[in-house]
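The values are calculated or read from the model by the stated rules, or taken from the named source; none is laboratory data. A quick note: this is a predicted structure, and the numbers were derived from the prediction, not measured. Positions of Cβ are backbone-derived with ideal geometry, glycine not excepted, and every protein chain shown enters the neighbour counts. Remember, those area values only see protein heavy atoms, side chains included, never the ligands or the DNA or RNA. Shrake-Rupley method; radii C 1.70, N 1.55, O 1.52, S 1.80 Å.
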Amino acid sequence: MPFDDLPSPLTPTPTRCADPAPSGRPWPPPARPRPRPAVPRPWPRGVAPLSLLRALAATMARLARAMTRERAARRSIAHLRRLDGPMLRDIGIEDRSRIEALVRRGGF
């Protein structure tokens with residue numbers, strides 16, 4: 001017969017998905033919310049800008065210099081405090097109480 005290759009109206013036609021909800025989720029899936037517009041960033045996410053790294057390095061260097069100056073000042077103060085009165089007067093320090101001020105601020 002010429003119409004044998006046509007499907008019968010009683011046979012089910014194949015659908016796009018045999019089981020519309022195989023995992024219990026609705027079909028078609030609900031629409032996803034629109035993503036928010038991206039905030040323009042001056043640098044990629046997770047990467048610090050070079051200027052920030054330079055500022056951090058400069059701060060660390062300043063801190064290291066300040067610590068070195070403080071150590072040197074404390075060492076000088078300790079050395080001068082070990083000297084007796086006549087030796088201090090010989091180098092120009094009239095009073096023992098002036099040692100720290102002279103070391104930290106200068107002023108011989």
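Using the Cβ-Cβ distance between residue 94 and residue 69 with R0 set to 30 Å, the FRET efficiency works out to roughly 0.75. Of the accessible area of the range 46-108, computed with a 1.4 Å probe over protein heavy atoms only, carbon and sulfur atoms account for 60 percent. Between residue 83 and any residue 5 or more places off or on another chain, the built amide H atoms are never under 5 Å apart. Under the combined filter of DSSP loop state and at most 14 neighbouring Cβ atoms within 10 Å, the range 71-108 retains none of its trypsin sites (Lys or Arg not before Pro).
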